[in-house]
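I have placed the structure first, in the form of structure tokens, so that the comments after it can refer back to it.
The values are calculated or read from the model by the stated rules, or taken from the named source; none is laboratory data. Predicted model only: the values in this text are computed from it and were never measured. Cβ placement follows ideal geometry from the backbone for every residue including glycine, while neighbour counts extend to all protein chains displayed. Keep in mind that these areas ignore ligands, DNA and RNA; they rest on the heavy atoms of the full protein, side chains included. Shrake-Rupley method; radii C 1.70, N 1.55, O 1.52, S 1.80 Å.
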Amino acid sequence: MNSPVSYEIIDSIGVITVDNPPVNALSHAVREGILDAIQVTKSDESRAVVILCAGRTFIAGADITEFGKPPREPHLPDLCNTIEASSKPVVAAIHGTALGGGLEVAMSCHYRCALQGAKVGLPEVRLGLLPGAGGTQRLPRLVGVGAALDMMTGGSPIGAVEAAGHGLIDKVVDGELREAALAWCRELVAEGAARRATSELPVDGVPAGTLDAYRDAVAKRARGQVAPQRIVDCVEASLTLPFTEGLALEREKFVECMQSPQSAALRHMFFAEREAAKVRGLPKDTPLREVSKVGVIGAGTMGSGIAMNFANAGMQVALLEVGDEALARGLAIIDRNYEGGVKRGKLSEAQALECRGRIAGTTDYGSLADADLVIEAVFENLGLKQEVFTKLDAVCRQGAILATNTSYQDVNKIAAVTSRPRDVIGLHFFSPAHIMKLLEVVRAGKAADDVLATCMALAKTIRKTPVVSGVCYGFIGNRMLGHYAREAQLCVIEGATPEQVDAAMEEWGMAMGPLAVFDLAGLDVGYKARQGLPESERGDPRACRVADALVEMGRLGQKTGAGFYRYDPETRRRSSDPEVQALIEREASVLGVERREVDAQEIVDRLLFALVNEGMNILDEGIAQRPGDIDVVYVYGYGFPAWRGGPMHYADATGLAQVHERVCEFRQRFGAENWTPAPLLVRLVEAGETLAAWAKSQVN
Ligand code: T1G
Ligand code: NAD
């Protein structure tokens, strides 16, 4: 089989080219190929060597698909040391992204040049890992301890110009990289430039206490995560140990991270996010519809954010409201969001003006006649949404995609009022819509393949992570959330305080506890949804009585300064309110609930296993294509910690038999209505199968 690495000499320069699509990952064959080429340069007539890549990017890291398999020689740290030990100057020529092991290879070279638009970074921490091929020892030597810590514990790549500013890149070039790199090599040879081993550079010291302060800051920023702390340990070693001993410590910490459940979870998420973008049964070459003008109906909390997504991606947006006052309110929300973005350095004043300029307010449906896509985000009421779609059916051009941002409503019933159900789909954004990455793409029963394919591609264009959901009440995320929310409120009325429930979930890793999330979203959203249902369908009163009573007291959550908690008007910091505790105890006695001690483990298990159990039903019904999709929904839409891998990965990591046992215990204690083990869970436990194995069997 052909090696993905080729070698040739051009004008006395040895040129090593890596060609391993799609991202030139450092597979075994690539490592072997580079090593063989370096060995050849030791005795051939080359005067210098350049390492570069074919395709769209420089090496984007170790081959993640090889993780968990028995490691094969040459190991990457050894390859990097061999490159560095070369007696001839070795140059890395970077385009696209040099990430992880790719940047480590580049740092083991003696010189680095990069195209203007290239990016370099060490994102291993996002996989629960640390740079394991000398990166933690070489980077501090090149950019200093502070910048090295930021780059490795954050994981975000930086641009070539910024990297040059740090001394990580020696030369930023324009035009054709290969020619520029060869020309520079010839210059280096002509100047008699010597090999420069990064490992022989000193690490500039830092004031005492710097690393401990950094550890504390990381503990706050990356609560519960191991890898960032291990990175600080390695950087400390770069300051205190000789290079080879620092390398040995790095290896030890790398292996520890690689074997950790956190890394397994984060690697699962890496692939789950990419798998989620693939729609089963939808041919890869399905033609896409052209989308350059977008209409948004309703400029409230969601409509305003949705409009910004498309304007930020360069599209013209017509934002329609019932009247001028509501429209002005919506445009003011957008202006505030852009001001905030400029203040936080997310975009420049000029960029904000340009994007804002693409959004035109209107109250006239006629403005939507030439729209390619229209997204409805009016009040959560089926009848009102059907009214809006009837109007859209009358004014929009044939071939326009008509989408609804509904949270719960039946998208098929909305499509049914139009003459073109093939063009109707659900696009469910999450609040704040211009920030949250998740987009549930709700596949309505009659939606055409090109409508679905167009929306999946569009999601990437507006920098969202799409997940396909079938049609059911609340789709994937909100349907499961109903069970999570039920258990949170039952724990409260049975004896736990809101603080105890939120502390247990935040300690476990959730970005925010459930009661605090309800206050953030607004208690009135759930209240209105319940009021819209017949009494018999409102569910267990014990699971909503307290929230309803708070709404009836005018405590809607953060937006009114009080809900389950009180909120400081300046800092929005939450604090306990004895009035709420009194209300809970009152409602408990009205409902005849005997209050008791509810410990943290019970809280965590009830809330998470309620999610998992319903997730199993959603998979069994085919509402979600695969378990990983549910994990992506929860990590990108509901603040579920990525280092726990999402609810379904967590169930597998916990052990389905243990989950089943706990669910059965809860059925015993709390009844079958809320706690009947999902048939899929039962089948998998009986078969001794994991969800991951089941998911694989579904595609074969
Ligand atoms: N290994 C294997 N496959 C990879 C890969 C990798 N490193 N990176 C991407 N892919 C696959 C991906 O699954 C997808 O496959 C296809 O390539 C396109 O990717 C020792 C231990 C480079 C910015 O963390 O961030 O080095 O779905 O859809 O949006 O210190 O991929 O088509 O079948 O993401 O243009 C560190 C990971 C590894 C970078 C391109 N490196 N990759 O983004 O395309 S750990 C990373 C990315 C390491 C050493 C350690 C992005 C990208 P498929 P894509 P994209
Ligand atoms: P909102 O009350 O903030 O905004 C709704 C807007 O629709 C209002 O500005 C109103 O004036 C406008 N409107 C009402 N009838 C209209 C009509 N006939 N024509 C044009 N505009 C009209 O509500 P929201 O929170 O933005 O929710 C909108 C939709 O998005 C709902 O279906 C909701 O379920 C869904 N959603 C909400 C969230 C959330 O967290 N708020 C998240 C995802 C989805």
Of all accessible surface on segment 156-198 at a 1.4 Å probe, what whole percent is carbon and sulfur? 52
Can you tell me how much longer the chain between R223 and S3 gets when fully stretched, taken as 0.36 nm per residue apart minus their C-alpha distance, in nm with one decimal? 74.9 nm
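As a test of reading the structure, rank E665, E552, E587 by solvent-accessible area (1.4 Å probe, protein chains only), most first.
Descending accessible area places them as E552, E665, E587.
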Ignoring ligands, DNA and RNA, please state the percent of accessible area on segment 314-457 from carbon and sulfur, probe 1.4 Å. 53
Please list, or write none, the aspartates and glutamates whose alpha carbon is within less than 15 Å of the alpha carbon of K413, excluding same-chain residues fewer than 8 places away. E376, E380, E387, D393, D423
Would you tally the net charge around G561, using a Cβ to Cβ cut-off of less than 12 Å, leaving G561 out, and scoring K and R as +1, D and E as -1? +2
Lys/Arg Cβ at +1, Asp/Glu Cβ at -1, dipole of the chain taken about the Cα centre: which of I16, F430, V395 is farthest positive-ward? V395
Rank these residues by their accessible area, most exposed first, probe 1.4 Å: I425, I9. I9, I425
In Å³ per residue, the alpha-carbon convex hull of segment 447-559 encloses 138
For R572 and S12, extending 7 Å from Cα along the Cα-Cβ vector and measuring point to point gives, in nm, a value of 6.4
Using the Kirkwood radius over Cα pairs of segment 97-159, the Stokes-Einstein translational diffusion coefficient at 25 °C and 0.890 mPa s, in µm²/s and rounded to a whole number, is 213
Using mean Cβ contacts within 10 Å as the protection proxy, how do 86-95, 431-440 order, highest first? 86-95, 431-440
Cut-off under 20 Å on the C-alpha distance; same-chain residues fewer than 8 positions from K171 excluded. Which aspartates and glutamates are left, in chain and number order? E84, E104, E162, E179, E187, E191
Quick one: give the max-minus-min coordinate of the C-alpha atoms of segment 500-551 along each principal axis, largest first, in Å. 37, 19, 16
Using a 1.4 Å probe, what is the accessible area per residue for segment 430-528, in Å²? 32
By accessible area with a 1.4 Å probe, ligands and nucleic acids excluded, highest first: order of T198, T240: T240, T198
At a probe size of 1.4 Å, how large is the accessible area of T136, to the nearest 10 Å²? 0
With a 1.4 Å probe and every protein chain left in place, work out the accessible area per residue of segment 1-47 in Å², rounded to a whole number. 49
Efficiency of FRET from Cβ geometry, R463 and K171, R₀ 30 Å, rounded to 0.05: 0.45
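Estimate the FRET efficiency between S589 and D285 by the formula 1/(1 + (r/R0)^6), using the beta-carbon distance for r and 60 Å for R0, to the nearest 0.05.
On the way: r = 64 Å, r/R0 = 1.07.
Efficiency, rounded to the nearest 0.05: 0.40.
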In terms of the alpha carbon gyration tensor, root eigenvalues a ≥ b ≥ c, rounded if a/c is under 1.5 and otherwise prolate when a/b exceeds b/c or oblate, segment 37-98 is oblate
Measuring with a 1.4 Å probe in the full set of protein chains, what accessible area per residue, in whole Å², belongs to segment 88-168? 20
Using only the alpha-carbon atoms, how far is helix 449-461 inclined from the longest principal axis of the chain? Give it as 0 to 90 degrees, nearest 10. 60
Kirkwood hydrodynamic radius, computed over distinct alpha-carbon pairs, for segment 246-349: how many Å, to one decimal? 18.2
Helix 145-154: angle to the longest alpha-carbon principal axis of the chain, degrees 0 to 90, nearest 10? 40
Compare the Cα positions of L458, V682, P228 along the charge dipole of the chain (+1 at Cβ of Lys, Arg; -1 at Cβ of Asp, Glu; about the Cα centre) and return the one farthest towards the positive end. L458
Over the heavy atoms of D44, what accessible area does a 1.4 Å probe trace out, to the nearest 10 Å²? 30
Can you compute the radius of gyration and Dmax for segment 414-495, using only the Cα atoms, both in Å? 15.7, 53
Helix 382-395 against the longest principal axis of the chain: what's the angle in degrees, Cα atoms only, rounded to the nearest 10? 60
Could you tell me which of the pairs K220/K559; K278/K460; K437/K696; K253/K437; K293/K343; K293/K528 are separated by over 23 angstrom between their Cα atoms in the structure shown? K220/K559; K437/K696; K253/K437; K293/K343; K293/K528
Using a Förster radius of 30 Å, what is the FRET efficiency between K42 and V161 based on their Cβ-Cβ separation? Nearest 0.05, please. 0.30
Could you compute how much accessible surface T690 exposes when probed at 1.4 Å, giving the result in Å² to the nearest 10? 60
On the protein heavy atoms, probe 1.4 angstrom, tell me the percent of accessible surface of segment 515-571 carried by carbon and sulfur. 55
Cα convex hull of the chain - mean projected area over all directions, nm²: 33.4
Inter-part distance where segment 182-200 and segment 523-557 are each reduced to a Cα centre, Å: 71
What is the distance in Å between the Cα centroid of segment 78-150 and that of segment 238-299? 19
Would you work out the charge dipole size for the chain about its Cα centre, treating the Cβ of every Lys and Arg as +1 and the Cβ of every Asp and Glu as -1, and quote it to the nearest 20 debye? 740
